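Have a look at the structure below, then the notes.
The values are calculated or read from the model by the stated rules, or taken from the named source; none is laboratory data. Remember, it's a predicted structure, so these values are computed and weren't measured experimentally. Methodologically, a virtual Cβ is constructed for each residue, glycine included, from the backbone with ideal geometry; neighbour enumeration extends over all protein chains shown.
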Amino acid sequence: MTIDRRTLLLSASGVLAAPALAVAQDFPNRPIRIVVPFPAGGTTDLLARLFAQRMTETMGQSVVVENRGGGGGSIGADVVAKAAPDGYTLLFHNITFPTTTAAMTLAGRPPHDIDRDFAPLSLGANVPLIILANPAVPVTDLKGFVEWAKAQSSPPFYGSTGPGSFMNLVGEVLIREGGIRMEHVPFRGAAPLVQELIAGRVQLGGDQISTCFGHVRSGALKGLANVASRRAGVLPDVPTVREQGFPALELEGWNGFFAPARTPAPVMARLQREIAAAARNPDFIKRCEDVGAEPVGSDSESFGVMVRAQYAKIRDLVAAVQLRPE
């Protein structure tokens with residue numbers, strides 16, 4: 001009895017697919033952890049907890065958030081890169097992911113490779129990024145800050161969520177394009193950065209708008225520029241960087257899910273469906289909108305395309321200013 005090649009290949013693929021299908025049908029059978037690579041209290045942490053709460057309700061298993069801050073987000077990301085590719089350990093990161101990775105790659109010590117070590121899972125939410133100043137700085141926009149910084153006898157301080165982070169890149173681009181001097185002060189996350197910015201120990205900073213739009217409305221902070229391509233509904237009076245003549249700084253802010261590379265496709269599909277379902281829930285949408293976030297829950301392919309395109313742009317900016325982790 002002879003078996004043709006096509007029949008043999010189809011049989012073999014069925015054998016190989018069977019374990020993956022069995023895993024997917026049994027998934028999840030224990031708690032899932034979402035690693036947030038920043039301390040508690042920032043936008044990424046807040047959104048991760050909203051997703052975790054909703055997914056716990058719909059998946060029949062606990063979904064818990066684990067904060068692993070440090071290294072501009074690289075420490076927590078590395079935890080997920082080295083985790084078992086089974087869907088039980090996920091990364092919830094933001095624009096700092098490509099920024100930090102590009103900076104560490106330029107320095108010759110990449111902690112991981114976004115394409116090799118991670119599988120993009122879903123864009124969780126769009127969240128605009130905003131550049132902020134302490135109210136004592138006598139300016140109202142980014143152009144004014146550049147002129148003010150030029151007139152100072154000693155360099156002002158700018159804060160970021162860590163070496164190689166989004167605000168670290170913004171600060172170095174401003175130094176180059178504005179012809180100014182500034183000193184970098186890294187923090188372990190957005191919450192301590194915002195606290196020190198309000199206290200006046202650093203003059204310039206930035207974060208996702210969710211963390212700080214209340215402080216801008218109250219006058220505790222000044223919103224100098226929105227980094228996105230359009231103004232934010234929660235802070236419509238804050239102009240974009242492009243409007244102020246700094247188009248190189250235009251970057252869309254986001255928070256998204258990643259799984260370890262080689263996570264089975266059926267497991268990825270189940271997780272993506274759960275994330276998308278959470279993002280469509282009316283109560284979830286309102287809670288996100290209350291903090292200036294726009295829930296998305298995209299498919300994995302479009303999220304991967306977006307991350308790779310943004311990484312390419314950020315990599316060029318990082319190389320242009322020679323941004324390196326300190």
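Might you check whether a residue that is more than 18 Å from the chain's Cα centre (by Cα), of a type in the set (S, T, N, Q) and surrounded by fewer than 24 Cβ atoms within 10 Å (Cβ to Cβ) occurs anywhere in the range 232-249? If you could, list the steps in order and put the result at the bottom.
Taking the range 232-249 as the starting set, the residues that turn out to be more than 18 Å from the chain's Cα centre (by Cα) are 233-248.
Among the residues that remain, those that are also of a type in the set (S, T, N, Q) are: 240, 244.
Restricting the remaining residues to those that are surrounded by fewer than 24 Cβ atoms within 10 Å (Cβ to Cβ) gives 240, 244.
The answer is yes, given that some residue of the range 232-249 is more than 18 Å from the chain's Cα centre (by Cα), of a type in the set (S, T, N, Q) and surrounded by fewer than 24 Cβ atoms within 10 Å (Cβ to Cβ).
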*Is there a residue being aliphatic (A, V, I, L, M) and farther than 20 Å from TYR88 by Cβ anywhere in the range 257-280?*
yes
*Specify the residue that is surrounded by the fewest Cβ atoms within 10 Å (Cβ to Cβ); the eligible residues are those in the range 211-224 that are touching a Leu at 6+ places or on another chain (Cβ under 8 Å) and more than 21 Å from PRO186 (Cβ to Cβ).*
ARG217
*asked:* Going by what's in this entry, would SER154 be described as surrounded by 19 or more Cβ atoms within 10 Å (Cβ to Cβ) and modelled with pLDDT of 90 or more?
replied: no
*Would a scan of the range 270-290 turn up a residue that is in contact with a strand residue (DSSP E or B) (Cβ under 8 Å, 6 or more places away or on another chain) and outside any helix (DSSP H, G or I)?*
no
*How many of the residues making up the range 165-178 are crowded, with 22+ Cβ neighbours inside 10 Å and touching a helix residue (DSSP H, G or I) at 6+ places or on another chain (Cβ under 8 Å)?*
8
*Among the listed residues ARG242, ARG217, ARG176, which satisfies the condition of being part of a loop (DSSP other than H, G, I, E, B) and of a type in the set (D, E, K, R)?*
ARG242
*Which residue, of ARG181, ARG188, is within 17 Å of the chain's Cα centre (by Cα) and surrounded by fewer than 20 Cβ atoms within 10 Å (Cβ to Cβ)?*
ARG188
*What pairs come up if the first residue lies in the range 129-144 and is more than 23 Å from GLY233 (Cβ to Cβ) and touching a residue at least 60 places away in the same chain (Cβ under 8 Å), the second is of a type outside the set (S, T, N, Q) and assigned to a loop (DSSP other than H, G, I, E, B), and their beta carbons are under 6 Å apart, counting only those six or more places apart or on different chains?*
ASN134/GLY200; ALA136/GLY200
*Within the range 182-213, considering residues that are modelled with pLDDT of 90 or more and of a type in the set (Gly, Ala, Ser), the one nearest to GLU289 (Cα to Cα)*: GLY206
